[in-house]
Amino acid sequence: MQMIPKNLKDLVTFVPNKGEPIHNWFYYKEGYSGGFVEWAVKEFELKEPIVDPFCGVGTTLLVCKKLGLESIGFDVSPLAAFVSEAKTRDYDTKKVMAELQKFKEMEPKQAGKFPNKNVRRLFYEKQLDDIYFYYRKIDKIQDARVRVLFLLALIDTTSRVANVVKVGGSLRKQKKPKMPVKKLFLGKVKKMVLDLKRVQAKGPEPEVFQADARNVKLEENSVGAVVTSPPYLNKIEYTLIYKIELGLFFREQETRLRAHIQDSATGRDFGSRMPLVAKAYFDDMKKVLENMFKFLKPGGKAVIVVGGGCFPYEVVESDDILIEEAEKIGFKKLDKIVARKYQCMRNRTIKVGIVRESVLVLEKPA
Ligand SMILES: C[S@@+](CC[C@H](N)C(=O)[O-])C[C@H]1O[C@@H](n2cnc3c(N)ncnc32)[C@H](O)[C@@H]1O
């Protein structure tokens, strides 16, 4: 008999990860929880290697490592791919501690400035100068893994001291108290070491790629299962809320799923009732599903968390549309489990309809 956890509606969010070591090294609003992945792997008896084509900050990969399963992750965002990698490497904590000691002995001083002027104005000057100082020092760390760990700690510190808060899908300016960068940064590295000592997973290191899920190149019939969650239609625009981290530490990605189209988000396709952005989204998702169908082994399953689209004049039921697409491609629908529902509103007062967040379970027939 199927066991659906009572708290599935929470498990499909990142919130439970906030209290979980390693999962909580970087807060990713749009992620799901490790508990969700553990449940899916056990409930649907998923086989390795497990692929997550939208791996975000590596929740699926970290759980697979913990369960001793091979996994592969892709994300188009260089920030997400980096965080996934940083959270799933094997670390030698002695080496990290030795480096931490060296950093404790340094005092930050002027070492130059980040070139990105747009982002600079969102910080107190001295704090951003300190971040730049550490950024240059991290570059000189010999051990590549230790370097990755320190860089993640610095990126997290940068998000904390920036004078902005992430509200829904946008960044809002908000002055924060001036916190000492050194204390936050080195405190974060120390916490990471403690986490690693407590729960460092012993399973295989996942492979992580910065790549577009629409063109993932994996051998046909080679993958045991997929656990993933694509961007939700019209929900959060990743490149906007992570523009500080992306702007300072990474080159922006070129392609992403068309779940958001700025200019036409409110525009409508008069030939049909569906907003233009939704059409683009389903075209993209069709490519992703076709790809999955190819690389899954016969009998392989895909567990996909999807969210419906809330538009001013209608709700788009992504779950049913995607199931229909998947069936056309050849997948068999095993299940659709509704995890959450919420009211879609126009102008905060007019009820447009109910939006669903669902878990789709598909199978490539044996
Ligand atoms: C809902 S989030 C997944 C979060 C993930 N489950 C986690 O727990 O961290 C969707 C992810 O898809 C990524 N994405 C958007 N377009 C993509 C594309 N074309 N190819 C691969 N990844 C993409 C975004 O960067 C984002 O990290």
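Every read-out reported here was derived from the displayed coordinates using simple, explicitly stated rules and does not represent laboratory data. As the structure is a prediction and not an experimental result, all values here were calculated from the model. Cβ coordinates were reconstructed from backbone atoms using ideal geometry, including for glycine residues, and neighbour counts include every protein chain displayed.
Using the beta-carbon distance between Y27 and M3 and R0 = 25 Å, what value does 1/(1 + (r/R0)^6) give for FRET efficiency, to the nearest 0.05?
Working: r = 29 Å, r/R0 = 1.16.
For R0 = 25 Å, the calculated efficiency reads 0.30.
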Qualifying GluC sites (Glu not before Pro) in the stretch 31-79, DSSP loop, other Cβ atoms within 10 Å at most 14: E45
Enumerate the lysines that K297 could reach by cross-link, defined here as Cα to Cα under 20 Å, with residues fewer than 8 away along the same chain left out. K42, K47, K217, K286, K287, K328, K332, K333, K364
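By counting other Cβ atoms within 10 Å of each Cβ, how are E357, E99 ranked from fewest to most? It would help to have the intermediate numbers written out before the result.
Values: E357 24, E99 20.
The most exposed by this proxy come first: E99, E357.
Using a ≥ b ≥ c from the Cα gyration tensor of the stretch 34-178 (square roots of the eigenvalues), is it rounded, prolate or oblate, where a/c under 1.5 gives rounded and otherwise the larger of a/b and b/c decides, a/b for prolate?
Note, shape of the stretch 34-178 comes out oblate.
As an exercise, identify the trypsin sites (Lys or Arg not before Pro) in the stretch 208-243 lying in DSSP coil whose Cβ has no more than 11 other Cβ atoms within 10 Å. Walk me through the numbers before you get to the answer.
Values: sites: R214, K217, K235, K243; in loops: K217, K235.
The qualifying sites are K217.
List the equivalent ellipsoid semi-axes of the chain in whole Å, largest first, each obtained as the square root of 5λ for an eigenvalue λ of the Cα gyration tensor. Working shown, then result.
Details: eigenvalues 253, 134, 60 Å².
Over the Cα atoms of the chain, the semi-axes work out to 36, 26, 17 Å.
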Looking at the chain, what % of its DSSP beta bridges pair antiparallel, to the nearest 5? 65
Counting Lys and Arg as +1 and Asp and Glu as -1 over every other residue whose Cβ sits under 12 Å from the Cβ of E325, the net charge comes to -3
Going by amide H atoms built from the backbone, whose H comes under 5 Å of the H on E70, apart from near neighbours? I50
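Suppose a student asked you for the relative contact order of the stretch 93-199, using Cα pairs under 8 Å spaced at least 6 residues apart; what percent would you report?
Working: 97 pairs, mean separation 33.4, N = 107.
Normalised by residue count, the contact order of the stretch 93-199 is 31 percent.
What are the trypsin sites (Lys or Arg not before Pro) within the stretch 1-103 that DSSP puts in a loop, where the Cβ has at most 14 other Cβ atoms within 10 Å?
Details: sites: K6, K9, K18, K29, K42, K47, K65, K66, K87, R89, K94, K95, K102; in loops: K6, K29, K47, R89.
Within the stretch 1-103, the qualifying trypsin sites (Lys or Arg not before Pro) (loop, at most 14 other Cβ atoms within 10 Å) are K6.
Between N118 and A144, what length in nm is gained on full extension when 0.36 nm per residue of separation is reduced by their alpha carbon distance? Write down the numbers at each step before the final one.
Details: separation 26, 0.36 × 26 = 9.36 nm, distance 2.98 nm.
Contour length minus the Cα-Cα distance gives 6.4 nm.
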Once amide H atoms are placed 1.01 Å from N in the peptide plane, what residues at a sequence separation of 5 or more from I354, or on another chain, have their amide H within under 5 Å of its amide H? C344
Here the FRET efficiency for K191 versus E327, based on Cβ atoms and R0 = 41 Å and rounded to 0.05, is 0.35
